[in-house]
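**Student:** Below are the structure tokens for one structure; questions will follow.
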Amino acid sequence: MTIGKVTRVHGLSGEVKVQSLSDVPGRFETLERVLVVDRHGTLRELAVRASRRAADDYLLAFDGITTPEAAASLVGGWLQIAAEQSAPLPEGRYFEHDLLRMTVRTEDGALVGELTEILPTGANAVFVVIGATGKEQLIPATREVVRAVDVPGRLMTIRRIAGLLDDEADHAV
């Protein structure tokens with residue numbers, strides 16, 4: 001799970017500035033180890049030596065990264081943690097990675113398709129669902145529309161609301 005992005009080198013001792021992508025309070029203050037996916041897609045695990053708040057961001061220092069040159073190799077990289085390290089979510093909230101590639105059906109069992117993308121919008125997210133024929137459906141991520149989410153079963157059930165689904169929605173299994 002991605003929790004931050006390295007935005008720049010800070011100072012002369014190998015610290016980096018990190019933009020937090022986490023909504024978990026204290027996430028970076030207690031961080032001991034992190035996976036870094038660099039600009040080239042290379043993954044490496046680093047031990048966090050120090051972490052401190054800096055305005056809206058964090059300054060992190062890692063074992064073995066002690067110069068600005070070494071820290072520069074992390075800029076543009078994504079900080080990740082294992083899913084097991086993530087904080088539990090409240091009832092009715094889900095991690096995006098748990099929803100992606102989930103099968104979406106209506107309450108009457110009709111297949112809508114597979115959830116392929118989640119678009120952030122001002123009011124609520126929108127799920128992009130691709131049907132068997134490749135047709136795209138946009139589903140608002142609201143309690144009124146999304147009636148049930150079964151993460152272990154990989155199934156989302158939505159309410160069919162007038163105008164929400166195209167008449168030629170994919171109903172074939």
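**Student:** Give me the percent of Cα-Cα pairs in the stretch 96-158 that sit more than 19 Å apart, rounded to a whole number.
**Tutor:** In whole percent, the share of Cα-Cα pairs in the stretch 96-158 beyond 19 Å is 20.
**Student:** To continue, here is another question. With N denoting the number of residues in the chain, provide Rg(C-alpha) divided by 2.2 N^0.38 Å, to two decimal places.
**Tutor:** On the way: Rg = 20.3 Å, N = 173, 2.2 N^0.38 = 15.6 Å.
Taking N as the residue count of the chain, the ratio is 1.30.
**Student:** Based on the alpha carbon coordinates of the stretch 2-85, what radius of gyration and maximum Cα-Cα distance (Dmax) apply, in Å?
**Tutor:** Spelled out, the Cα radius of gyration and Dmax of the stretch 2-85 are 11.4, 34 Å.
**Student:** Still on this structure, please answer the following. About the Cα centre of the stretch 96-158, how large is the charge dipole given +1 on each Lys and Arg Cβ and -1 on each Asp and Glu Cβ? Please answer in debye to the nearest 20.
**Tutor:** 60 debye
**Student:** Net charge within 15 Å of GLU144 by Cβ-Cβ distance, Lys/Arg positive one each and Asp/Glu negative one each, not counting GLU144 itself?
**Tutor:** +3
No lab work stands behind these numbers, since they all come straight from the coordinates. Predicted model, so just to flag it, every value in this text is computed and none were measured. In this analysis, Cβ positions are derived from the backbone assuming ideal geometry, glycine residues included, and neighbour counts consider all displayed protein chains.
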